[in-house]
Amino acid sequence: MLLNAAVTFSGSSHDIDPRLLRAFTAVAEELHFTRAAARLYLAQQALSRDIRRLERELGAELFVRTTRQVALTADGERLLPYARRVLAAHDELGEAFRAAPRPLLVDLNSPGLGPEAVLVRARELAPEQELMARYESGLTGAVREILAGRIDASFGRYGGLDAGLRARLDFAFVRYERMAVILPEDHPLAALPEVPLAGLAGERIYAGAGNDRTPEWTDLAARLFAGRGIAIAPPAPLAVGKEEFGRIMAKHRTPVLAVVDFPSMPGSVLRPLVDPVPLSPVSLVWRKGLRHPGLDALRAAAAEIGAREGWHRRPAGCWLPEGEPGLPGALAASGDVRQ
């Protein structure tokens with residue numbers, strides 16, 4: 001645009017390929033086609049072709065060529081300072097994005113969960129990158145933010161997303177996370193180190209019903225509770241913060257479905273579920289086509305921690321949702337797993 005605005009040639013005023021301006025500038029500075037071609041790592045024929053194309057597009061002759069020398073024409077002299085300025089701006093733009101990719105915004109769902117360790121390790125693997133945490137509380141809600149360009153990646157149950165959303169995402173399986181129940185500290189089951197699923201028969205368990213950011217979690221609960229006499233508690237306002245969680249637990253005393261990494265909350269205890277051991281599949285998800293060194297670091301960190309901590313191992317007598325997309329191997333088509 002700078003070139004077109006400042007210099008008038010007889011040709012059309014469409015945008016000029018910076019590659020052609022780079023070829024022109026090299027010849028203008030070397031005044032020798034062979035040396036200019038070597039400087040640009042081009043064949044001399046390719047360089048001459050680029051110069052002829054630029055002259056056609058501008059409708060101007062830029063060089064006077066003889067068997068003994070190359071010289072700039074008046075139009076060539078006029079073009080040179082503008083070509084240099086355009087190329088400098090072009091190089092500055094490219095360098096800015098090569099040297100400092102924008103921050104990668106990573107949703108961790110809630111503080112204190114497993115993905116937090118992945119983010120910490122990713123920052124160690126790529127200290128030159130800026131990876132910033134966000135807390136969207138629910139994968140479906142986070143995916144809406146991803147597709148709107150407001151965050152870049154999130155963690156959660158990929159298989160619980162609507163198929164239309166899955167089609168717009170890439171993902172990497174991260175771990176199987178054991179599920180748990182949060183109970184009032186004086187609940188009869190609170191004295192047990194682990195709670196059998198059968199012990200929850202007759203209970204109403206809060207699993208995010210009515211929260212449009214977490215339908216994948218409510219769906220997982222419905223699959224787990226089916227046929228076991230356990231009901232999902234009706235929709236209720238989301239308690240945000242430890243103090244509010246403790247107040248709601250003391251007032252309503254409704255057990256909450258969670259995972260074993262869930263941070264401790266006042267007035268309640270967290271107990272792993274057993275018989276069978278239910279697993280929540282967790283994946284890292286991001287929008288299709290995203291390329292960012294911070295994302296590469298996240299994936300490497302998840303793989304490293306997963307191998308060290310056994311995140312892909314399934315305990316004997318475990319449960320997984322039937323037909324779950326996105327699980328490793330044949331498990332995507334299996335139901336209860338007993339290994």
_I'm trying to understand the selection: among the residues of segment 249-262, which are surrounded by 13 or more Cβ atoms within 10 Å (Cβ to Cβ) and farther than 18 Å from THR218 by Cβ?_
MET249, ALA250, ARG253, VAL260, ASP261
*Considering segment 31-54 alone, what residues qualify as being free of Cβ contacts under 8 Å to residues at least 12 places away in the same chain and either at positive phi or in contact with a strand residue (DSSP E or B) (Cβ under 8 Å, 6 or more places away or on another chain) (or both)?*
TYR41
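Against the definition (crowded, with 21+ Cβ neighbours inside 10 Å and either touching a Phe, Trp or Tyr at 6+ places or on another chain (Cβ under 8 Å) or not assigned by TED's automatic domain parsing to the domain that holds ILE305 (or both)), how does VAL174 come out, yes or no?
Here the answer is yes, as VAL174 does meet what is asked.
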*In segment 251-298, what count of residues is obtained for those that are aromatic (Phe, Trp, Tyr) and in a loop (DSSP other than H, G, I, E, B)?*
1
*Scan segment 146-196 residue by residue and report those that are over 24 Å from the mean Cα position of the chain (by Cα), assigned to a helix (DSSP H, G or I) and in contact (Cβ under 8 Å) with a residue 24 or more places away in the chain.*
LEU189, ALA190
*Exactly one condition in (1) surrounded by 21 or more Cβ atoms within 10 Å (Cβ to Cβ); (2) in contact with a helix residue (DSSP H, G or I) (Cβ under 6 Å, 6 or more places away or on another chain) is not met by ARG271; state its number.*
(2)
*Kindly indicate whether any position in segment 117-124 is buried (at least 20 other Cβ atoms within 10 Å of the Cβ), under 21 Å from PRO321 (Cα atoms), of a type in the set (A, V, I, L, M) and in the same structural domain as TRP286 (by TED's automatic domain parsing).*
no
*Does segment 132-142 include one or more residues that are farther than 23 Å from GLY208 by Cα and charged (D, E, K, R)?*
no
*Quick one: count up the residues across segment 237-262 that are more than 28 Å from PRO328 (Cβ to Cβ), touching a residue at least 12 places away in the same chain (Cβ under 8 Å) and within 30 Å of the chain's Cα centre (by Cα).*
4
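The values are calculated or read from the model by the stated rules, or taken from the named source; none is laboratory data. On a predicted model such as this, the values are computed, not experimentally measured, just so you know. As a convention, Cβ positions derive from the backbone with ideal geometry for all residues, glycine included, and neighbour counts pool all protein chains shown.
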